[in-house]
Amino acid sequence: MALKVEVYQKEKVRPCSPTPQTLRNYKLSLLDILASTFYTPIVFFYDSRAGGPSRHDYDELKDSLMKTLSVLYPLAGRIKDGSTIECNDEGADFVRAKVTNCDMGEFLRHPKLEDIRQLLPLDPYPNAIHPAQPMLAVQVNRFRCGGTAVGFCIWHGLADASAMTGFFNTWAAINRGEGPINPDGLIVDASSIFRPGNFVPSPQAPLSLKKPGKNTSKRFVFGKRDIERLRNDYYQPSEHRRRQSRVEALSAFIWAAVIRAILPANPNLKTHLLINMMNLRKKFNPPFPSQCLGNIYQGVASRWELEADGGGSVTAGFLVGRVAEAIHKVTDDYVREMHVEGGFLRVASDLFKSLHNADEIKFLSISSLCNIQFSQVDFGWGKPIWIGLGHTMEDSAIFMDAEDGGVEVWIGLPQEVMCNLDKDMKFHAYVSFSQIVSEPPCSLRSAL
């Protein structure tokens with residue numbers, strides 16, 4: 001049954017106090033510019049019974065958003081050119097809608113990407129950036145049961161996952177009547193470290209992420225005990241090696257399974273890269289504020305070579321050391337040296353050029369939202385009972401904390417590769433739950 005969502009009100013929400021002229025121009029860093037091709041689409045689901053007597057008051061939520069935009073004023077601005085946001089208080093979009101044919105419990109039994117997208121206020125992947133486009137749009141969706149799904153589209157050029165946490169926590173605290181949390185640590189100037197230089201893409205012709213392709217996206221849940229099993233299996237005590245983190249262990253486990261799934265589908269594969277996205281805030285000395293606005297993250301690559309490593313049996317125990325090594329080489333000195341005189345752009349450009357040989361080299365990108373604590377965002381209605389993603393996922397995975405201390409993984413892969421992954425019993429021996437989120441029409445049938 002197709003989800004029916006009726007929008008009944010759209011309005012602009014502006015900051016409750018004007019932004020000073022001295023703060024009118026917010027400079028984007030190089031990492032902001034590289035990330036600024038789409039909105040991050042995410043939906044928080046709140047049960048009407050979870051917050052006790054507190055009702056879901058959308059007028060109150062709008063008023064607290066006005067106060068929040070006075071603190072995080074770039075989110076109320078508009079793009080001025082390829083490297084500047086004009087903080088002109090144009091405001092954020094605030095949309096009210098109702099789901100007319102479904103209770104929240106029904107929706108959450110088998111959420112699909114196409115239905116999650118209906119709960120969002122706009123298309124997260126626009127074909128072009130227009131000066132009139134908001135940096136932030138919110139849609140509050142009331143289900144028949146009284147529960148609420150709050151859908152966010154936040155311009156990625158202004159906020160990575162840690163920055164979004166700062167926004168969510170600030171808004172939630174204000175809505176609870178507690179005032180903003182650490183407002184002085186939310187806006188920083190990262191452009192002095194990640195200098196854009198002469199790299200300013202045309203704001204009218206950004207990279208489009210809406211490429212056609214026969215891709216399947218699935219959710220996999222790994223329980224806490226199974227992740228601990230992985231960590232124990234890979235750990236070899238020595239004075240030089242520490243125990244791998246759950247993200248390192250799970251990254252290696254999924255990477256190995258994906259390589260095994262690609263090899264039968266692509267006999268020409270010679271190289272596979274795992275790219276882990278790293279939050280850099282704590283890597284600097286002194287560190288950046290933990291929830292400040294901006295994109296303060298960077299990808300680090302681990303490499304598997306068919307000739308050097310052999311394709312007969314690809315195991316995570318073999319790859320986990322490479323993942324840990326790549327992650328732990330990221331230090332203050334390493335990052336600063338990479339961004340001297342365009343060094344980072346050169347490395348990134350060389351990487352993208354190598355990926356043009358589509359059959360011989362493939363990659364998987366992993367973004368971990370573990371420990372970001374989206375699940376703690378409480379507007380006074382209780383904590384969200386689930387968080388849905390509206391991303392278009394191609395050769396990528398996103399990790400999120402699961403309820404029991406495990407990890408929920410969203411993966412998007414070519415259809416045939418996903419079918420092979422479904423047949424991998426080594427992989428599914430550690431999976432406690434799986435569900436297709438999206439698949440192309442007339443798809444191959446999965447083994448599960």
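Restrict the check to region 334-357 and report whether at least one residue is assigned to a helix (DSSP H, G or I) and over 29 Å from Ser192 (Cα atoms).
yes
Considering each of Ile262, Ile275, Ile254 in turn, give the residue that is modelled with pLDDT of 90 or more, outside any helix (DSSP H, G or I), out of contact with any Cys (no Cβ under 6 Å at 6 or more places or on another chain) and β-branched (Val, Ile, Thr).
Checking each option against the conditions leaves just Ile275.
When the residues of region 62-99 are filtered to those that are hydroxyl-bearing (Ser, Thr, Tyr) and in contact with a Phe, Trp or Tyr (Cβ under 9 Å, 6 or more places away or on another chain), which remaining residue is nearest to Arg144 (Cα to Cα)?
Ranking the qualifying residues of region 62-99, first place goes to Ser64.
Among the residues of region 382-393, is any touching a helix residue (DSSP H, G or I) at 6+ places or on another chain (Cβ under 6 Å), over 19 Å from Pro41 (Cα atoms), at pLDDT 95 or above and buried (at least 21 other Cβ atoms within 10 Å of the Cβ)?
Scanning region 382-393, I find no residue that is touching a helix residue (DSSP H, G or I) at 6+ places or on another chain (Cβ under 6 Å), over 19 Å from Pro41 (Cα atoms), at pLDDT 95 or above and buried (at least 21 other Cβ atoms within 10 Å of the Cβ), so the answer is no.
Hey, Ser396 hits all of (1) of a type in the set (S, T, N, Q); (2) at pLDDT 95 or above; (3) in contact with an Asp or Glu (Cβ under 6 Å, 6 or more places away or on another chain) but one; which does it fall short on?
With respect to (1) of a type in the set (S, T, N, Q); (2) at pLDDT 95 or above; (3) in contact with an Asp or Glu (Cβ under 6 Å, 6 or more places away or on another chain), Ser396 is out only on (3).
Can you find a residue in region 304-322 that is on the phi > 0 side of the Ramachandran plot and part of a strand (DSSP E or B)?
No, every residue in region 304-322 fails to be on the phi > 0 side of the Ramachandran plot and part of a strand (DSSP E or B).
Here are Phe363, Phe427: which of them is among the aromatic types (Phe, Trp, Tyr), over 24 Å from Ala172 (Cβ atoms) and in a helix (DSSP H, G or I)?
After ruling out the rest, the residue left standing is Phe427.
Examine region 24-36 for a residue that is assigned to a helix (DSSP H, G or I) and surrounded by fewer than 17 Cβ atoms within 10 Å (Cβ to Cβ), and state whether such a residue exists.
no
List the number of the failed condition for Arg346; all other conditions in (1) surrounded by fewer than 16 Cβ atoms within 10 Å (Cβ to Cβ); (2) under 29 Å from Ser217 (Cβ atoms) hold.
(2)
Out of (1) assigned by TED's automatic domain parsing to the domain that holds Pro124; (2) small (Gly, Ala, Ser); (3) modelled with pLDDT of 90 or more, what's the single condition that is false for Gly179?
(3) is the only condition that Gly179 fails.
Does at least one position in region 433-446 carry a residue that is among the basic types (Lys, Arg) and outside any loop (DSSP other than H, G, I, E, B)?
no
So in region 200-248, with the set limited to residues that are among the small types (Gly, Ala, Ser) and modelled with pLDDT of 90 or more, which one is farthest from Gln415 (Cα to Cα)?
That would be Ser245.
Looking at the structure I just gave you, is Leu3 touching a helix residue (DSSP H, G or I) at 6+ places or on another chain (Cβ under 7 Å), outside any strand (DSSP E or B) and crowded, with 23+ Cβ neighbours inside 10 Å?
No, not satisfied.
The values are calculated or read from the model by the stated rules, or taken from the named source; none is laboratory data. What you see is a predicted model; the values in this text were computed from it and never measured. Virtual Cβ from ideal backbone geometry, glycine too; neighbours counted across all protein chains shown.
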